[in-house]
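Working notes, structure below.
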Amino acid sequence: MKDFYEEAISEAGNQLVAPSPEASSTATDVDRKILFRGGALSALASRDFRLLWVGAFVSNTGTWIHNTALLWFVKVLTDSNTWVSVINLANFLPVLLLVLFSGSLADRMDRKRLILLTQVLMMLGAIALGVLTTLGIVSLGAMIALTLLMGAAFAFTFPAWRAIIPDLVPRKDILNGVALDAAQFNLARFAGPALGSLILAVFGVATAFYINAASFLAVIAAVLFIRTSTPGSPTPRSGTMLHIGEGLRYVKRQRWAINLLAVLAFTSFFGMPFIVLLPSLSRDVLGKGSTGYGLLLGFTGLGAALAAPLVTLINRHISEKWIIRLSATIASMFLLVISFSRILWLSLLLSIGLGATYLMISASINTVLQSRVERDMRGRIMSFYILVLQGIFPLGGIVMGYLSDLWSTPTTLLLEGSACLCLSLALLLFPSILRDAVSVT
């Protein structure tokens, strides 16, 4: 049997070789594996995963600075929650339309190359939006068009990004890799809105767009330095549509996968759109303006970042299906309470809880899906996951944004919490829904 060091390095895409100029760096990697082995940061023992993690954190911080500035800018210009949700929809609509194609592409194309191309396109979109804002000629139409362009690039990078993580870490560390990837995203979601609200107040919205453009350089550099090979599978003779159809037929045969995606879809439509209501919650309910909005959005990210390593530790004692059930129940309670809150500090604490519970739900579902399929199917499975998570979320946002304009933000949050409570009760009363929601290690 291969010893631990050789096995861990080979699974990360590296090999132990005879003494060479790289020997010292290999030894350092082995030392890190000893340090992180079995812990809440075990995936960080893999060099290439560390590179991607750091580059992604910088880039995602820029993205959240951009998104915070953009949604607040639209809220100030239009005084409408519906228009805020329209911009949010423009960001994610390409995911709904294109992600099945991008998932197929992520299985057939070199994943590093696909990520590089899409990062460059998103950087150009952020630059264009910054220039138009600086010149004072930006309009709602221009913001929607450029947001759609950046969303299309995002739709093609997301499945490749999710599918590349198991390429960079040992199989036993997949859950930890997924959770830590979510942690960096949500740490960025904590830092980005806080920085974004500060940048808005001091420098203006255009600066936020330029900072986002510059941040893409970090992830581009990280991907260029990754050593692990991520080749695509041979292009199927049947063509792209049949390649996608193969993935759909696979999911159709797996009842456990359908149930997981259905739970995620319900959560994405009724639970996660509370994010779209945060500008209104801060300004119209709590009376705290852009600073309060930045804190609410940032604390949601903080909760998810704190939950990312925690879910790995919890998973040692209870299975993913119970993590999903308990997290869904707790999230519904937080939504119900925040609908009645008129105190900033209480709303911030509830935002932490909501970020944590939704991270646990999505990371657990992601892990079960990835661990139970072969590598050549992983990109397409992730495209279905992303279609449900990121494609349905903005549709729920449109509905909740419209209802909050029609009724009020607290009433809409109360509706969201009540719907999520019904889901949690169904999961607890009918255990067969998640009976097979357990990862295969």
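The values are calculated or read from the model by the stated rules, or taken from the named source; none is laboratory data. What you see is a predicted model; the values in this text were computed from it and never measured. Backbone-built Cβ (ideal geometry, glycine too); neighbour counts: all protein chains shown.
Among the residues of segment 276-299, those that are at pLDDT 90 or above, under 23 Å from V399 (Cα atoms) and not charged (D, E, K, R) comprise L277, L278, S280, L281, S282, V285, L286, L296. One residue alone among S424, S362 is within 20 Å of the chain's Cα centre (by Cα), part of a helix (DSSP H, G or I), crowded, with 17+ Cβ neighbours inside 10 Å and among the hydroxyl-bearing types (S, T, Y), and that residue is S362.
For segment 207-226, the count of residues that are within 23 Å of S362 (Cβ to Cβ), touching a residue at least 40 places away in the same chain (Cβ under 8 Å) and hydroxyl-bearing (S, T, Y) is zero.
Within segment 193-206, work out how many residues are closer than 14 Å to V58 by Cβ and without any contact (Cβ under 8 Å) to a residue 40 or more places away in the chain. Total satisfying the criteria: 0. Scan segment 247-258 and report the pairs whose first residue is within 17 Å of S104 (Cβ to Cβ) and whose second residue is among the hydrophobic types (A, V, I, L, M, F, W, C) and assigned to a loop (DSSP other than H, G, I, E, B), with Cβ atoms within less than 8 Å and a gap of 6+ or a chain change. Correct list of pairs: Y250/V373. Among the residues of segment 298-343, those that are of a type in the set (G, A, S), more than 21 Å from the chain's Cα centre (by Cα) and closer than 27 Å to T68 by Cα comprise S339, S341.
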